[in-house]
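Undergrad: Sharing a structure, written as structure tokens. Questions coming.
The values are calculated or read from the model by the stated rules, or taken from the named source; none is laboratory data. All values derive from a computational prediction rather than experimental measurement. Counting neighbours? That spans all protein chains shown, and the Cβs are built from the backbone with ideal geometry, glycine included.
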Amino acid sequence: MADPLLPESPLARARWAVTSWRLAAAMWMRAQYSYRASFLLTSAGNLLITSLDFAVLVLMFRHTDRLGGWSLPEVALLYATSAFALGAADLLVGSVDGLGGQIRSGALDTLLLRPAPALAMVCAERFTLRRLGRPLQSLLVLGWAVHRLPGRWSAAHLLMLGQLLVSGTVIFGALFVGGAAIQFWWGEAKEMQNSFTYGGATLLRYPPSIYARELVAGVTFGLPLAFVNWLPLSRILGRPDPLGLPAAFEYASPLAAALCAGAAGLAWRAGLRAYRGTGS
């Protein structure tokens, strides 16, 4: 029997999930902002730490003009788009990676008692704006890279850049949720999940031309990370696709994002059905 407290139509349920997440996140934000000095210092520290990743790339290019045939502004585009997608996904749903701890402590049972979607509650748990450091820093790098690559930015290319940022965020968000769903059966799966999310973002910072063809194929047809930035940016920058795929693949990021989100949703529902509680 359907819960009478929850909306029945899919659209209404989606709206209620967003509203539930927003209300829970706002509660955590108010709690953190009560210690303003600590909040500002940790936010500034997070921004500084994430900037060190790009500093490593800049230092690398002090010893070479090209990396796999890509210039520094082109690699900066790869860095910025992958960092933004990971950072935005981490900000919105990254708290879901703590699901294993909530299962062990019994905290998940408390969240399941609330008249709100469990996924929204888990994703909003301990929400913190200090995670804004990564996406903000990546947008600064993105602006610099776009400025250093004049003449490439038609209206169609700018539109494509915007949609790949959204699609990449959805893909990484799906990896967070799908990886967390594994913790319903294997509570220690967090590190494996991190290898796909944070490890995947690190992989995407560098040109696909420096990797083996088999690896590029694996992150295209297996774990579809190539749709975050490699394929669409190859179209924008006029770079050849290492796999020689049809041009349609370079425009398929929204489709890949939708498929990833659907698969993550199914994995979450399967895990939630299998969950039996701690008894505490």
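Undergrad: In region 22-40, which residues are within 15 Å of ARG131 (Cα to Cα), modelled with pLDDT of 80 or more and surrounded by fewer than 16 Cβ atoms within 10 Å (Cβ to Cβ)?
TA: Our first condition is that a residue be within 15 Å of ARG131 (Cα to Cα); within region 22-40, this holds for 25-26, 28-29, 32-33, 38-40.
Then keep just the ones that are modelled with pLDDT of 80 or more; that gives 25-26, 28-29.
Those that are within 15 Å of ARG131 (Cα to Cα), modelled with pLDDT of 80 or more and surrounded by fewer than 16 Cβ atoms within 10 Å (Cβ to Cβ): ALA26, MET29.
Undergrad: Give the residues of region 234-250 that are closer than 21 Å to TYR206 by Cα and either out of contact with any helix residue (DSSP H, G or I) (no Cβ under 8 Å at 6 or more places or on another chain) or touching a residue at least 40 places away in the same chain (Cβ under 8 Å) (or both), sorted by residue number.
TA: ARG235, ILE236, LEU237, GLY238, ARG239, GLY244, listed by residue number.
Every residue, every condition in (1) touching a residue at least 24 places away in the same chain (Cβ under 8 Å); (2) out of contact with any strand residue (DSSP E or B) (no Cβ under 9 Å at 6 or more places or on another chain); (3) assigned to a helix (DSSP H, G or I); (4) surrounded by fewer than 22 Cβ atoms within 10 Å (Cβ to Cβ), yes or no:
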position	(1), (2), (3), (4)
LEU47	yes, yes, yes, yes
LEU57	yes, no, yes, yes
ARG62	no, yes, no, yes
ASP65	no, yes, no, yes
LEU92	yes, yes, yes, yes
LEU99	yes, yes, yes, no
ILE103	yes, yes, yes, yes
PRO115	yes, yes, no, yes
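Undergrad: Which condition from (1) in contact with a Cys (Cβ under 9 Å, 6 or more places away or on another chain); (2) surrounded by fewer than 19 Cβ atoms within 10 Å (Cβ to Cβ) is the one that TYR211 breaks?
TA: (1)
Undergrad: Right, here's the next one. Looking only at region 17-31, decide whether some residue is more than 23 Å from the chain's Cα centre (by Cα), aliphatic (A, V, I, L, M) and within 27 Å of TYR211 (Cα to Cα).
TA: Scanning region 17-31 turns up no residue that is more than 23 Å from the chain's Cα centre (by Cα), aliphatic (A, V, I, L, M) and within 27 Å of TYR211 (Cα to Cα).
Undergrad: Also: Under 8 Å between Cβ atoms, which residue pairs at least 6 apart in sequence (or on different chains) link something in region 147-171 that is under 24 Å from GLY200 (Cβ atoms) with a partner that is of a type in the set (D, E, K, R) and crowded, with 16+ Cβ neighbours inside 10 Å?
TA: MET160/ARG235
Undergrad: Among the residues in region 160-175, are any on the phi < 0 side of the Ramachandran plot, in a loop (DSSP other than H, G, I, E, B), surrounded by 14 or more Cβ atoms within 10 Å (Cβ to Cβ) and touching a helix residue (DSSP H, G or I) at 6+ places or on another chain (Cβ under 8 Å)? Show your work before the answer.
TA: Filtering region 160-175 for residues on the phi < 0 side of the Ramachandran plot gives 160-175.
Cutting the leftovers down to in a loop (DSSP other than H, G, I, E, B) gives us none.
So far as region 160-175 goes, no, none of its residues is on the phi < 0 side of the Ramachandran plot, in a loop (DSSP other than H, G, I, E, B), surrounded by 14 or more Cβ atoms within 10 Å (Cβ to Cβ) and touching a helix residue (DSSP H, G or I) at 6+ places or on another chain (Cβ under 8 Å).
Undergrad: Return a yes/no flag: does region 217-232 have any residue that is part of a helix (DSSP H, G or I), more than 22 Å from the chain's Cα centre (by Cα), surrounded by fewer than 21 Cβ atoms within 10 Å (Cβ to Cβ) and of a type in the set (Gly, Ala, Ser).
TA: Initially, region 217-232 is screened for residues part of a helix (DSSP H, G or I), giving 217-222, 225-227, 230-232.
Adding the requirement that they be more than 22 Å from the chain's Cα centre (by Cα) leaves none.
Among the residues of region 217-232, not one is part of a helix (DSSP H, G or I), more than 22 Å from the chain's Cα centre (by Cα), surrounded by fewer than 21 Cβ atoms within 10 Å (Cβ to Cβ) and of a type in the set (Gly, Ala, Ser), which makes the answer no.
Undergrad: Another question, then. Taking region 172-192, which residues are within 10 Å of ASP97 (Cα to Cα), touching a residue at least 24 places away in the same chain (Cβ under 8 Å) and not aliphatic (A, V, I, L, M)?
TA: Once the filter is applied, which keeps residues that are within 10 Å of ASP97 (Cα to Cα), touching a residue at least 24 places away in the same chain (Cβ under 8 Å) and not aliphatic (A, V, I, L, M), region 172-192 yields PHE176, GLY178, GLY179, GLN183, LYS190.
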